[in-house]
1. Label-point separation (nm) for THR84 and ALA9, each offset 7 Å from Cα along Cα-to-Cβ?
2. Tell me, what % of the accessible area of region 4-100 is carbon and sulfur with a 1.4 angstrom probe?
3. Quick check for you: with a 1.4 Å probe and neighbouring chains kept, what is the accessible area per residue of region 1-79, in Å²?
4. Per residue, how big is the convex hull around the C-alpha atoms of region 4-100? Give it to me in cubic angstrom, could you?
5. Per q in 0.20, 0.32 1/Å, what log10 I(q)/I(0) does a Debye calculation on the alpha-carbon atoms of region 8-61 return?
6. Kindly rank 9-18, 27-36 from highest to lowest mean number of other beta carbons found within 10 Å of each residue.
7. With unit charges on the beta carbon (Lys/Arg positive, Asp/Glu negative), name the residue among PHE31, VAL72, GLY49 whose Cα is farthest towards the positive pole of the charge dipole of the chain.
8. When ranked by the protection proxy of mean other Cβ atoms within 10 Å per residue, highest first, what sequence do the peptides 37-44, 76-83, 58-65 form?
Amino acid sequence: MPNFVKVAASHEIPEGTGKAIEVDGKAIALFNVHGKFYALDNTCAHRGGPLGDGMVDDNIVTCPWHGWQWDVVNGQSLFNPQITVKAYPVTVEGEDIKVALD
Ligand code: FES
């Protein structure tokens, strides 16, 4: 059973945006795609760019450093699906966004 911890309130992440947060020493990027929330490791697998600061277009985030694109649902690179960043399970309870970091 995953251990979900509160990481943000849903109003902090408007639709179509992402936000980087730090939880228990882990840098996580949260995304709001049409009202549904997703979480990835904030660190781009190319050279460590902050994915939470990237542009979000539907379920695709573009890394602000060199433009690699990632599917926020599963963490797959659009250029090479064998490259991924970790995707974390997310649940929402009321205003609380909770992520399972284990
Ligand atoms: S660090 Fe993300 S594209 Fe280079």
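1. Calculated label separation equals 3.4 nm.
2. 47 percent
3. That works out to 53 Å² for each residue.
4. Normalising the Cα hull of region 4-100 by residue number yields 79 Å³.
5. -0.62, -1.33
6. Ranked by mean Cβ neighbours within 10 Å, highest first: 27-36, 9-18.
7. The listed residue farthest towards the positive side: GLY49.
8. Top of the packing list down: 37-44, 58-65, 76-83.
The values are calculated or read from the model by the stated rules, or taken from the named source; none is laboratory data. Small disclaimer: the values here were computed from a predicted structure and weren't measured. No Cβ is skipped: glycine too gets one built from the backbone with ideal geometry, and neighbour counts run over all protein chains shown. All accessible areas refer to the heavy atoms of the entire protein, side chains included, with ligands and DNA or RNA removed. Shrake-Rupley method; radii C 1.70, N 1.55, O 1.52, S 1.80 Å.
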